[in-house]
Amino acid sequence: MEIPWAKNSDEAVKRRIMEEVGIASIEELFQDVPAEIRLKRTLRVGLSEDGEGVSEYELLRLAKRVRESISNPRIPPFAGIEHCYHVVPSVIKELIYRGELYTAYTPYAFEINQGLLQALFEYQSLIAELYGVEVVNASMYDGSTALAEAVRMAIRVTKRSKVLVSEGLSPLKLRVLETWLYGLGIKIERVGLDERGATSVEEAVKLVDRDTAALVVETPNVYGVIEHGVKALADACHEKGALLVVFANPLLLGIVKPPGELGADIVVGEGQPLGLGLFYGGATLGILGTRRDLKLVRQLPGRLVGMTLTEDGVDVSYALVLQTREQHIRRERATSNITTNSALMAIAAAMYLSLIGGEGLKRLALSIASRTLYLKTRLSDLDGVEVLYRNSPSFLKVATRVKGMSVENVIRRARERGILCGSNLSRYGYGDNVMVMCVTEAHSRSDIDELVKVLGEVLSHVEAS
Amino acid sequence: MWRQAKWVEKPIIAYPSASRSGFRVPFENDFTEYERQVVEMLKELGMEREELGIPNISELEVVRHYVRLSHMSYGIDVGPTPLGSCTMKYNPKVCNEFLKEAGVEDVHPEELEEYIQPLLEMLYRLERWLAEITGMDRCCLQVPAGAAGELAGALMIRKYFDDLGEARDEMLVPDSAHGTNPASAAMAGFKVVNIPTNDRGTVDLDALKAVLSNRVAGMMLTNPNTLGLFEDEILDIAKELHSVGALLYYDGANLNGIMGIARPGDMGFDIVHLNLHKTFAAPHGGGGPGGAAICAKGKLVEYLPRPLLDFDGRRYFWNYSGSRSIGMMRVYYGNVPALLRTFAYIAMLGGKGLRKVAEIAVLNTNYLVKKLEKVGLADYLELTHSKTKPRKHEVVLSAKKLKKAFGVTADDVAKCLEDQGLHPPITYFPLIVEEALMIELTETEPIEYIDRYVEALRRCIDLAKRDPTAMRKMPRNTSVGRVDVVRANHPKHLVLSHKFEGFAELLNKFRD
């Protein structure tokens, strides 16, 4: 057969089918395609000039060549404005390749896909528990698009047109948010940080008004500071009828009070730390949840799985619910256009949380926070860098101001020494020569020591030259 | 007889918890001396988490739980999943292996370009291939799924006219369109104008002409359309739209029926999105993640999201320049695993193979139509609109007469198929067909499976005639019987997580 995995591409089988259909040539099936737009040549795609495909083995040889010529850093990367390097448990690597799950479609046929539906319900529950809300949808594409949808949701709920965004929100997510709000006449204003690097409550109180749909904060923020005034920010919003949207790292919530409990109306997150790997940026998982308030839930985009009973009342079962919010039913009046989401990654995240457990997550989060503190301490002794927000509670990330050399050069020179040492925040107009470093459970003490040593070499190099 | 596994598996959040987790934090002991300081700081600020109700379970229990849930799931690896417009084709396993072998799992998205040139080269070649397949000039790989591509396209159209200083606020959408089209247009702030379908199952050209004005920004169209019919007046449609300065957007969800045979760019489309997980065999993952690209030609290239992947003859690099760009649709570059699987798929098929894909997919659809006719089902599962035109990637059947004669609905037919170990088609879509069953076999479904599917449909129709009441009690062979969707959606019984009161009540069921 011409297509190895498609039996009907076999010449004899194809002939048999054509006979049944009553055609002498495949062309007959395309007679309604106007002659002037029919492609008269073979598509110029693939690896060979003659339009033929390659074998499985040839393809894997190519992949191997790619792998061998990609030069990975010698210790796990410290870069990460959005995604940081995290450990992926073997269980997930293996289980997400269960054919029944990863080759399934959206479980619209409920009875035949109860397993898939249950796994998604479990994801909703685990994330609801983690973020301190009652309702979480069955996933969005990624954290950045989930945030954009959260803000659009807040605009629909409040029918207001101003959005306040903390200066602690990452520049990439801000860019995505601006894109998704284009053409709606929404005004985006920034709320500054206080001297500890957290969103200024004082400024928020001043800026939140009766036109404000939402205030958006991220924790830990782009400088690694854990937002410690969430409750006060929520109060400031609620006083004026605005909503508080909190983008929170799921691992942080192992040790810190969840945003839902502190008054956030909509919670958002990037699921990538939950065992999804890097894959050069995707695919990941967008976390989106809200309080149990029908006014909010009705405006929530994305799919929702509900737990219920069978019609005969015998078995616990699961179904997609509240579908009238969605595009396939509500069309232009839908809460969003989303259909394909990130279901498999949601299931992977559920597996991850089940595997490490509440107590494991707590230890993991504590250990990451301890490493962050260790890195901060080590960097404080280093000439040429100034640790920003030195005494604030931090998680995962440490921000520094580099002196005497551009961040771009530091990153390039450290990379030449085999270390991907950080991210250049100032490239996006955030601060003056600011570099942010990300430290996770993948980094040992000697990894961090090596990072500091290499930074020291790179920075002293400039003094010598 | 087929029976699906039925495991009694409590939701994992309700599993009995051990005192501690078995998870070992890497290098945990390296940092214990700093832990106390962290805890004290959090306590001082009143931020320390008190409760976290996630149980501590052993690895074995987790594995068994999810393996058992997989037994109660159904994907293309299990059997036919002929959901219309979803293009559920078999994904060759080597695409997974390719992804592993290429070693991208550990590649950081902020890695410096010079260290990952071979990876960028693959993505660049893919971009060029997708441009060739669609007949567009450039593609942006950043959009995470088809609907996000649509939103990007709608925003591009919006910004294009904003830059021209033209106030165009209407987007035309056929009444047979995917729900994402009007939803995407609305998200970009457009007023949606529905265009009716004519008796032939295609866009009513006169109705289209009647609404054209300088308020119209564009039209979103899929071709072949959701009835599985080729829009044979596409050149006229394009001409009419362009004559009032409006743009034509191609929804790539149905490209599988025409790939390599005709290109959207040659049909007159200005912007195209592709669903990589449909057309090019990235898995659907139980709903996602997918993969997509948004492509444009001519002056619209400037409006594509950024970055685009460029090559200066020496190196591959992400190009962020482009002051007219709508911006960024998501962080970083796109759903890279889906992109690389697409690369692998196209490399294995080549240009000839891609055309073959469309040919066999279309042949399979028409074989199904013919078989249904032959076994005498065409009366109860009938073609609407044109009965003689060849279908392309999919076919829509109406069970209207079945409902009228026996009170059996399209949904009942779906449940009857489930009972025979087959995934049902899409039902009740497109909205313009009563009691619709929308079937897309793709090129990968073998002839014997198509025959079995027809046979299963015949059994359903026979049962509908004989015992419609029994049919409404189906399915019985799936893990559970018919789910009570009314109860599931009822505000009083709604359970969206373990935090709803109804959860505890449902949990009691596991005691039996």
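The numbers here are math on the coordinates, done by the rules we state, and not lab data. What you see is a predicted model; the values in this text were computed from it and never measured. Note that each Cβ is placed from the backbone with ideal geometry, even for glycine, and that neighbours are counted across all protein chains shown.
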Exercise. How long is segment A:1-160 along each principal axis, judged by its Cα atoms, biggest number first, in Å?
Worked result: 64, 47, 37
Problem set entry | Unpaired by the 4.7 Å Cβ criterion, cysteines found in the protein assembly as shown | A:CYS237, A:CYS421, B:CYS86, B:CYS95, B:CYS140
Seminar exercise, completed: Relative to chain A, whose Cα atoms define the longest principal axis, helix A:143-158 and its Cα axis are tilted in degrees, nearest 10, by 90
Seminar exercise, completed: One checks the Cα atoms of the protein assembly as shown and finds Rg and Dmax, in Å, of 27.4, 93
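Which net charge results when you count Lys and Arg as +1 and Asp and Glu as -1 among the other residues whose beta-carbon is under 14 Å from that of A:ARG412?
Here the count lands on -3.
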For this session: At 7 Å along the Cα-to-beta-carbon direction for both A:ASP383 and A:ARG15, put a label point, then send me their distance in nm to one decimal.
Result: 8.4
Exercise. Efficiency by 1/(1 + (r/R0)^6): what FRET value for A:ASP235 and A:ARG333, r their Cβ-Cβ distance, R0 = 30 Å, to the nearest 0.05?
Worked result: 0.35
Exercise. Relative to the longest principal axis of chain A, what angle (0 to 90°, nearest 10) does the C-alpha long axis of helix A:407-416 take?
Worked result: 70
Problem set entry | DSSP-assigned coil residues among GluC sites (Glu not before Pro) in segment A:1-60, each with at most 13 further Cβ atoms within 10 Å | A:GLU49
For this session: Add +1 for every Lys or Arg and -1 for every Asp or Glu among the other residues with Cβ under 12 Å from the Cβ of A:THR106, and state the total.
Result: 0
Seminar exercise, completed: Whole-Hz Karplus couplings 3J(HN,Hα) for segment B:235-242, θ = phi - 60° and coefficients 6.51, -1.76, 1.60, Gly and Pro as x, run 5, 5, 4, 4, 4, 4, 5, 5
For this session: Measure off 7 Å from each Cα along the Cα-to-Cβ vector at B:ASP379 and A:ARG190, then give the distance between these two points in nanometres to one decimal.
Result: 7.3
Exercise. Distance in nm between label sites at A:ARG412 and A:ASP449, each 7 Å beyond Cα in the beta-carbon direction?
Worked result: 3.1
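Indicate, rounded to the nearest 5 percent, the antiparallel portion of the DSSP beta bridges found entirely in chain A.
60
Apply 1/(1 + (r/R0)^6) to the Cβ-Cβ distance of B:SER243 and A:ASP312, taking R0 = 41 Å, and write down the FRET efficiency to the nearest 0.05.
Efficiency, from the Cβ-Cβ distance: 0.10.
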For this session: May I ask which of A:LYS93/B:LYS10; B:LYS6/B:LYS404; A:LYS93/B:LYS415; B:LYS415/B:LYS499; B:LYS89/B:LYS370; A:LYS93/B:LYS93 have a Cα-Cα span longer than 26 Å here?
Result: B:LYS6/B:LYS404; A:LYS93/B:LYS415; B:LYS415/B:LYS499
Exercise. Can you work out ³J(HN,Hα) from phi for every residue in segment B:372-388, in order, using Karplus 6.51 cos²θ - 1.76 cosθ + 1.60 and θ = phi - 60°, giving whole Hz and x for Gly and Pro?
Worked result: 4, 5, 4, 8, x, 9, 4, 6, 9, 10, 9, 6, 10, 6, 5, 8, 10
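Can you show me the helix-derived [θ] at 222 nm for chain B, built from DSSP H runs with n ≥ 4 at -39,500 (n - 2.57) apiece and divided by the number of residues, rounded to the nearest 500.
Taken over chain B, the calculation gives -12000 deg cm²/dmol.
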Seminar exercise, completed: The distance between the Cα centres of segment A:399-465 and segment B:202-263, in whole Å, is 52
Seminar exercise, completed: Once amide hydrogens are built 1.01 Å from N within the peptide plane, the residues lying 5 or more places from A:LEU243 or on another chain with amide H under 5 Å from its amide H are A:ALA214, A:LEU215
Exercise. Could you give the distance between the Cα centres of segment B:53-69 and segment A:72-128, to the whole Å?
Worked result: 14
Seminar exercise, completed: Projected onto the charge dipole of chain B (unit charges on the beta-carbon of Lys, Arg, Asp and Glu, signs +1, +1, -1, -1), the Cα from B:SER17, B:LEU248, B:HIS423 with the largest positive-side position is that of B:HIS423
Exercise. Highest mean first, what order results for A:132-143, A:250-261 on Cβ atoms within 10 Å?
Worked result: A:132-143, A:250-261
Seminar exercise, completed: Distance in Å, no decimals, from the C-alpha centre of segment B:386-440 to the one of segment B:264-293 is 25
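Over segment B:136-347, how many pairs of lysines fall under 18 Å by alpha carbon, counting only those 8 or more apart in sequence or from different chains?
Lysine pairs satisfying the spacing and distance rule in segment B:136-347 number 7.
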For this session: Compute the acute angle (0 to 90°) between the alpha-carbon long axis of helix A:445-464 and the principal axis of greatest extent of the alpha-carbon atoms of chain A; round to the nearest 10°.
Result: 70
Exercise. Chain A: Rg/Rh from Cα coordinates, Kirkwood Rh?
Worked result: 1.04
For this session: State, as an integer percentage, the relative contact order of chain A based on alpha-carbon contacts under 8 Å between residues 6 or more apart.
Result: 19
Problem set entry | Residue-averaged beta-carbon neighbours from other chains (10 angstrom radius) around B:228-236 | 2
Problem set entry | Contour minus Cα-Cα distance for B:ASN29 and B:ASP169 (0.36 nm per residue) | 44.3 nm
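State, as an integer percentage, the relative contact order of chain B based on alpha-carbon contacts under 8 Å between residues 6 or more apart.
Values: 918 pairs, mean separation 96.6, N = 512.
The value is 19 percent.
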Seminar exercise, completed: Taking chain A and counting helices only, DSSP H stretches of n ≥ 4 at -39,500 (n - 2.57) each over all residues, the nearest-500 ellipticity at 222 nm comes to -11500 deg cm²/dmol
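Count charges around B:LEU141 for me, please; just the other residues with Cβ under 13 Å from its Cβ, Lys/Arg as +1, Asp/Glu as -1.
Surrounding charge for B:LEU141 is +4.
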